[in-house]
Amino acid sequence: MSQIDDKKVHLKVRLEEILKTQPLESELSFIASMSSELSIDASTCAAALIKLINDLEQPTQIHSKDPKSHASANKNTSSLTIKMVRYRLNVGSEHAINIEQIKETLIQESGVDKNNINNINIQKTYTLIELPDEMPPDIFLHLKSVEINQCKLDIKRLKPRNNKRRSNSHFRRNRKHDKNHNQTQTVN
């Protein structure tokens, strides 16, 4: 099956899931309003929205063979970085998993781009991973129940860690502590 067919199957599964579990009144109202304003039917409006979403997910294609234009386009796209968030998965090396299994499962189940799955760190009982910040809540909930090798991912978002570590000493390095340092001396 081709990658396009895989995306269509994944989209169909996600749509069925949303139709069963989510209220869509505000989205229906939005489609009706947009199609009325643009003087188009609702299905054309929905198709245009799908095209818009696909265009946002795809990296910009460069058709020019000029290396200078290619380099400048890469500078523009690299300046638009995606904010990444650290997550903890409840599967690790003791569950006989590997990086490719994790990536493939996340791509299939959440639709995340393979290039946006970063810093996979497999430990014995868990895995740390970075994913894009904009994960929709319904996909997050779905990933909690997804299984790899009969083990639920039970994904959890981790709080950002503070990289500044303080030592037990309250004094700065290379500075001798002098009891009289803060006292003013009087001269007669």
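Once the Cβ-Cβ distance of D5 and L49 is raised to the sixth power relative to R0 = 25 Å, the FRET efficiency obtained is 0.75. Ranked by the mean number of other Cβ atoms within 10 Å per residue, highest first, peptides 19-29, 85-95, 111-121, 35-45 order as 85-95, 111-121, 35-45, 19-29. Of all aspartates and glutamates in the structure, those lying under 13 Å Cα to Cα from K114, and not within fewer than 8 positions of it along the same chain, are E57, E100, E104, E130. The listed peptides 9-16, 98-105, ordered by packing as a protection proxy, come out as 98-105, 9-16 (highest mean of other Cβ atoms within 10 Å first).
For I40 and E147, the difference between the fully extended length at 0.36 nm per residue and the C-alpha to C-alpha distance is 34.3 nm.
For the range 80-157, the pair-distance distribution built from all alpha carbon pairs, in bins 10 Å wide starting at 0, is 19, 61, 19, 1 percent. Please compare each pair in K8/K156; K20/K152; K103/K156; K103/K159; K20/K103 to a cut-off of 19 Å on the Cα-Cα distance and tell me which ones are over it. The pairs that break the limit, which is 19 Å between Cα atoms, are K8/K156; K20/K152; K103/K159; K20/K103. Using θ = phi - 60° in the Karplus curve 6.51 cos²θ - 1.76 cosθ + 1.60, the 3J(HN,Hα) couplings for the range 99-116 round to 4, 5, 4, 5, 4, 4, 5, 5, 5, 5, 8, 10, x, 5, 5, 4, 6, 9 Hz; x is entered for Gly and Pro.
Once you list every other residue whose beta carbon is under 14 Å from the beta carbon of L15, what net charge do they have if Lys and Arg are +1 and Asp and Glu are -1?
Result for the neighbourhood of L15: +1.
Only the coordinates and a few stated rules stand behind these numbers; no lab work does. Bear in mind the structure is a predicted one, so any value in this text is a computation, not a measurement. For neighbour counting, all protein chains shown are included, and Cβ atoms are generated from backbone atoms with ideal geometry for every residue, glycine included.
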